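The values are calculated or read from the model by the stated rules, or taken from the named source; none is laboratory data. Since this is a predicted model, take the numbers as computed values, not measurements. Note: ideal-geometry Cβ built from the backbone for every residue, glycine included; neighbour counts use all protein chains shown. Just the protein is used for accessible areas: all its heavy atoms, side chains included, with ligands, DNA and RNA removed. Shrake-Rupley method; radii C 1.70, N 1.55, O 1.52, S 1.80 Å.
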Amino acid sequence: MDKLTRFGVSLEKELLSKFDLHIKKQNCPARSKAIADLIRKELVKSEWDKGKTVVAAITLVYDHHKKDLISKLIDIQHDTHGLIISSQHIHLDHNNCFEIIIVKGAPQKIKSLADKLKSVKGVKHSSLNAATTGKGI
Ligand code: NI
């Protein structure tokens, strides 16, 4: 574990009460952990804004019976194969598939790929989960 540093923070009482209630609902074990998570989240956002190499998980839910849907999703992924590290396909039920695509590269390229996949007709749900390479945070 990294060396810990203590520091004092002055906040409005009401703001802190709301924050404590918020982290209690999320079962966060300690206020310091919640604050560290917020700082890391902000650093990840900054990493994405600066256009450095980032990692992310794109998730998709779709009905594989929709005409041409699978081939469109595969075509898009082959066109951007340099970004994709791996993908996993789970058959949720008779109709629905869940796909997780792990990507690494420039944030704009990743966002563009996620948008292309999301826009394919028949995709019921998609998300782009920004993460970090862990360097510098
Ligand atoms: Ni499937």
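Data for the structure
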quantity	calculated
Residue selected from the stretch 45-72 under the condition among the β-branched types (Val, Ile, Thr) and under 16 Å from Ser127 (Cβ atoms), by the criterion farthest from the chain's Cα centre (by Cα)	Val61
From the options Leu83, Leu69, residue that is in contact with a Gly (Cβ under 6 Å, 6 or more places away or on another chain) and either within 15 Å of the ligand (Cβ to nearest atom) or open to solvent by 90 Å² or more (accessible area, probe 1.4 Å) (or both)	Leu69
The stretch 8-44, residues that are within 30 Å of Val123 (Cβ to Cβ) and either among the β-branched types (Val, Ile, Thr) or at pLDDT below 85 (or both)	Val44
Residue in the stretch 105-115 that is open to solvent by 30 Å² or more (accessible area, probe 1.4 Å) and within 16 Å of the ligand (Cβ to nearest atom) present	no
Hey, Ile101 in contact (Cβ under 8 Å) with a residue 12 or more places away in the chain and not in a loop (DSSP other than H, G, I, E, B) or not	yes
Residue within the stretch 89-97 that is touching a Ser or Thr at 6+ places or on another chain (Cβ under 7 Å) and either within 13 Å of the ligand (Cβ to nearest atom) or assigned by TED's automatic domain parsing to the domain that holds Ser71 (or both) present	no
Count of residues meeting criterion [loosely packed, with under 13 Cβ neighbours inside 10 Å and part of a loop (DSSP other than H, G, I, E, B)] in the stretch 116-137	5
Residue satisfying all of: in the stretch 90-104; closer than 18 Å to Lys67 by Cα and hydrophobic (A, V, I, L, M, F, W, C); surrounded by the fewest Cβ atoms within 10 Å (Cβ to Cβ) among these	Phe98
Odd one out for Thr59, checked against (1) surrounded by 12 or more Cβ atoms within 10 Å (Cβ to Cβ); (2) within 16 Å of the ligand (Cβ to nearest atom); (3) more than 13 Å from Ala130 (Cβ to Cβ)	(3)
